[in-house]
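These notes concern the structure reproduced below.
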Amino acid sequence: MKKNKIIISVIFLFSIIASFTIVNIQNEKNKKILELMKQSLKTYHYEDLNFDNDFSEEVFNIYMQKLDYNKRFFTQTDINRFAEYKFKIDDAVTNEDFIFFNITKDVYIERVKELNKYIEFALKRPFDFDINENIELDFEKRKFAHDKKELKQNWKKYLKYSVMIKLATKLRIQEDAIKDNDTTYKIKTFAELEEKSREEVKKTYDDWYYRITKINEKDIISIYFNSIAEYYDPHTGYYPPKDKENFDIHISGKLEGIGATLSQPNAYIKIVRILPGSACWKQGDLEVGDLILKVGQGSEDPVDVVDMRLDEAIKMIRGKKGTEVRLTVKKADGSIMVIPIIRDVVIIEETFAKSAVIFDSIRNKKIGYINLPQFYADFSDKNGRRCAEDMEKEIVKLKEENIEGLIIDLRNNGGGSLIDAINIVGFFIETGPVVQVRSRYGMPQILDDKDSLILYEDDLVIMVNEFSASASEIMAAAIQDYNRGIIAGSNQTYGKGTVQRFLPFDRMVKFNNDLKPLGELKITTQKFYRINGGATQLKGVKPDIILPDAYSELDIGEKELDNPIKWDEIPKADYGIINSAQDADYLRSESFKRVSNDTSFQIIDNYSKYLKKLRDNTLVSLNIKDYMKEEKDRSIINKRFKNADNRMSDLKFYTTKVDSLKFYSDTVKTAGTMSWLRELKKDIYLEETFQIAVDMN
C-alpha cells in the first residue's frame with residue numbers, strides 16, 4: 001500500500017514537472033516571438049514608427065476590439081481595469097512583459113465560462129414579443145455593459161433577437177400554408193412555435209459555446225501579437241504555423257491531403273464537402289454528413305478526435321502524397337466504418353484561370369473571356385502552377401477561336417504574385433515599365449516587362465469591382481496608363497497599394513529547437529506606384545466606364561481599415577501611350593445609354609441606396625409585429641433585386657475546342673464547366689462588358 005502511494009506521488013510529481021516545463025517553454029516561446037516581431041518591425045517595415053504612448057493607446061484599442069468586437073464578453077468594469085495599462089503597452093513590448101496580456105487572457109477565459117449560465121437563463125422561459133424594445137446591431141455603436149447584471153440583460157436581448165428571427169420565419173410559413181389551404185401542414189399555436197424557436201437557438205448557441213471554449217492561450221496570444229503588428233498597417237500580421245500553412249494553400253491552389261471540407265458544429269467533426277477528383281472522392285466510401293471519430297496514420301493506432309479542436313484534427317488528416325490515413329467514421333445510419341485513404345495532391349480548381357467564348361449570333365461577334373480569381377503561384381514547387389503561365393495558355397486557346405476582343409475578369413481578385421501580374425501585363429505591351437515600387441529607404445524601383453513579344457494585340461477590356469485589390473490594381477492601372485485597354489466596373493477598386501513579404505522566425509533562431517515552430521510575420525515592406533506616379537494605395541483604380549453596383553453607396557476598401565498607409569505620388573516613369581485612337585468618351589457614352597435604359601441596372605442602382613439606408617439604420621425592433629412588417633418590406637425589395645440579377649442573356653457561352661476535347665471524357669469537369677457557363681449567362685455586368693468590347697471592335 002505504501003509502495004503504491006509512493007508510485008502515485010512520483011507520477012503526480014512528474015506530471016507537475018511536465019506541466020511546468022510546457023508552460024515555461026510556451027512563455028519562452030512568446031517572449032522570443034515578441035522579440036523577433038520588435039526587431040522585424042523596426043528594421044523591415046515600410047513605416048518607421050516608435051513604441052510610444054500613441055502606439056500603446058492604439059494597440060490597446062485594436063486588442064480590445066479584436067478580443068470582444070461584439071461587446072459580449074467584457075463589462076465596462078473589465079475595460080476600466082485593463083485601461084490601467086493603456087499607456088504602458090510600449091514598455092511591456094520593449095521589456096517583453098506579458099502582465100497586461102495575462103490579465104486580459106484570464107478575464108476573457110473567466111467571462112467565457114460564465115456565458116453558458118447567461119444563455120441557459122435567457123432561454124429557459126418564453127420571450128415577450130409584444131413589448132416595445134430595440135437592439136443595436138452595429139457593434140461600434142454599442143457600449144460595454146456596466147456590470148455583469150447588465151451583461152446578462154444584454155445577452156437576453158441577443159438571444160431574443162435570434163429567437164425572433166426563427167419565429168418570424170415559422171409564422172410566415174404557417175401563414176402561407178393557411179392561405180394556400182395546405183392540409184398537410186399542422187397548425188401550431190404561437191407558444192408552440194416560440195418554444196420550438198427557442199430550442200433551435202439553444203442548439204445553435206450550445207454549438208457556438210462549444211467552439212468558443214476551445215479557444216486557448218495560443219489563440220489569444222496570436223490576437224495580442226496581431227494587435228501590435230496591425231498598429232503599423234492592416235496587412236502586417238503574425239501567422240502561427242497553421243495559419244501560414246493555410247495561406248500557402250490559398251495562394252498555390254493546392255494541398256496534400258484527402259480533399260474534404262470539414263466543420264465542427266459540436267464535439268464531432270463533420271464532412272461537409274468532398275472535392276470532385278480528390279483522394280476521398282476516388283476512394284468512394286466517405287460521404288457528406290459522416291462524423292469522424294478517429295484518425296490513424298496507416299497501421300498505427302488511431303487517435304480519438306471527438307472533442308478535439310478542428311485545426312488539430314486537420315493537421316492529422318493532412319499529409320504527404322502517397323501516405324495512408326485511416327478515418328473511423330460514423331455514418332448517417334449509425335454504423336461505424338474505417339475508411340483507408342491514400343493522400344494525394346488536392347487541386348482547388350476554383351483558384352485557377354479559365355476561359356470561355358461569348359458569341360452574339362445576331363451581330364456575328366465573338367469575344368474571349370478569361371476569369372482570373374487570384375494571382376496564384378506555387379512558390380514551393382518550381383514546377384507548380386503559376387497564373388501567368390495559365391493565362392498565356394488560355395489566351396492562345398481563345399486566339400485559335402478567332403476572337404475579336406478579349407475580356408479579363410478581375411472582379412473579387414484580391415491579388416497575389418507581383419511578378420505574375422507584371423508578366424501578364426507584358427502579354428499586351430511590347431516592353432516598358434509596369435509598376436513602380438518604393439521601400440522605406442532609397443529611390444523607387446521601376447519593374448519592367450522586358451519581353452518584346454506581344455501575345456495579344458487586339459481590343460482588351462478589364463473587369464474590376466471594389467474587391468479587386470493589390471496585383472489586380474497593378475494590372476488594371478498599367479493597362480489604363482498605357483491606354484492599352486478599357487477598365488470597366490465599380491466606382492473604384494479596393495485601394496491596397498502595399499507589398500508584403502513573410503519573415504520565417506524559425507530561420508532567425510539558430511539554436512533552441514524546443515521553441516520551434518515560431519510562425520512567421522507578414523510585413524509590409526514596400527509600396528506600389530502606378531507608372532503615372534500616383535499610388536494605388538487608398539485611391540485604387542477608377543474605371544474608364546463605371547457601372548451601377550449594389551455596393552456603390554457603401555464605404556468599402558482600404559480607406560475604411562484602421563491605420564492604412566497614406567496615399568502619395570512620385571515622379572512618373574518613362575512610358576508612351578500605346579493606343580491613342582481608343583475613344584473612351586465614345587465607349588462611355590454608348591455604355592451609359594444602354595445602362596440607363598436597362599431595368600436591371602436601374603434596380604441595382606436603387607438597391608445600392610437601399611443598402612446604405614439599411615447600414616445606417618441599425619436599431620432593430622424586438623416587437624414581432626414591427627419586425628415582421630419591416631422584413632416583409634425588405635423581402636419585396638430583395639426579391640426585386642434578385643430578379644434583376646437573374647436575367648438570362650441572349651448571348652451564347654461555350655468553352656474552347658481544346659477544353660471541350662479535354663473535358664469530353666471527364667463527367668465531373670464537364671458538369672462543373674456547364675454550371676459555370678450558366679452562371680456567366682446570368683451575369684449582366686459581363687453582358688454589358690461584352691457590348692463595350694463589341695463597341696471597341
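Any read-out appearing in this document is the output of simple, stated calculations on the displayed coordinates, not a laboratory observation. Note that the coordinates shown come from a computational prediction; the quantities given were computed from them, not determined experimentally. Every residue, glycine among them, receives a Cβ derived from its backbone with ideal geometry; neighbour counts consider all protein chains shown.
Highest-first packing order for the peptide set 373-381, 262-270, 440-448 is 373-381, 262-270, 440-448, based on the mean count of other beta carbon atoms within 10 Å. In whole percents, the pair-distance distribution calculated for the range 254-347 from its alpha-carbon pairs, binned every 5 Å from zero, is 3, 15, 27, 30, 19, 6, 0. In plain terms, the residue of V288, V620 with the fewest other Cβ atoms within 10 Å comes first and the most crowded comes last, giving V288, V620. Calculated from the alpha-carbon coordinates, the range 50-231 shows an Rg and a Dmax of 21.1, 73 Å respectively. Please give me the summed charge of the neighbours of E230: other residues whose Cβ is under 10 Å from its Cβ, Lys and Arg +1, Asp and Glu -1. Summing Lys/Arg as +1 and Asp/Glu as -1 gives -2.
Count Lys and Arg as plus one, Asp and Glu as minus one, and take only other residues whose Cβ is under 9 Å from that of Q480; the net charge is then +1. Projecting the Cα atoms of L661, V338, L151 onto the charge dipole of the chain (Cβ charges, centred on the Cα centre) puts V338 farthest toward the positive pole. If the chain linking S675 and Q445 were pulled fully straight, counting 0.36 nm for each residue of separation and taking away their Cα-Cα distance, it would gain 78.4 nm. Quick one: plug the Kirkwood hydrodynamic radius of the range 198-324 (C-alpha pairs) into Stokes-Einstein at 10 °C, 1.306 mPa s, and report D in µm²/s. Once the numbers are plugged in, D ends up at 94 µm²/s. Comparing Cα centroids, the range 627-697 and the range 414-487 end up 28 angstrom apart. Enter the angle in degrees (range 0 to 90, nearest 10) between the Cα long axis of helix 624-644 and the first principal axis of the Cα atoms of the chain, meaning the one along which they spread out most. Helix 624-644 and the main axis of the chain meet at about 30 degrees.
A straight chain from D311 to D91 at 0.36 nm per residue would run longer than the Cα-Cα distance by 75.8 nm. What FRET efficiency do you get for T618 and D48 if R0 is 35 Å and r is their Cβ-Cβ distance, rounded to the nearest 0.05? After rounding, the FRET efficiency stands at 0.35. A helix-only calculation puts the chain at -14500 deg cm²/dmol for mean residue ellipticity at 222 nm, using -39500 (n - 2.57) for each DSSP H run of at least four residues, averaged over all residues. Among the listed pairs K105/K242; K242/K510; K331/K681, which are separated by more than 30 Å between their Cα atoms? From K105/K242; K242/K510; K331/K681, over 30 Å: K331/K681. Comparing G319, A693, F87 along the charge dipole axis of the chain, the residue lying farthest to the positive side is G319, per the Cβ-charge model. The H on the amide N of L293, modeled in the peptide plane, is under 5 Å from the matching H of T328, V329, K330, each at least 5 residues off or on a different chain. Seen against the Cα atoms of the chain and their longest principal axis, helix 53-67 is set at about 80 degrees.
Which shape class applies to the range 13-125: rounded if a/c is under 1.5, otherwise prolate when a/b exceeds b/c and oblate if not, where a ≥ b ≥ c are the square roots of the Cα gyration tensor eigenvalues? Taking the square roots of the gyration eigenvalues as a ≥ b ≥ c, the range 13-125 is oblate.
Comparing the chain with the 2.2 N^0.38 Å rule of thumb, its C-alpha radius of gyration ratio is 1.08 (two decimals). Geometric descriptor of the range 351-696, per residue, is 207 Å³ (volume of the convex hull of the Cα atoms). Charge tally around D138: other residues with Cβ under 12 Å, Lys/Arg +1 each, Asp/Glu -1 each, net +2. Average projection, convex hull of the Cα set of the range 447-587: 12.4 square nanometres.
The convex hull built on the alpha-carbon positions of the range 552-697 has an orientation-averaged projected area of 16.2 nm².
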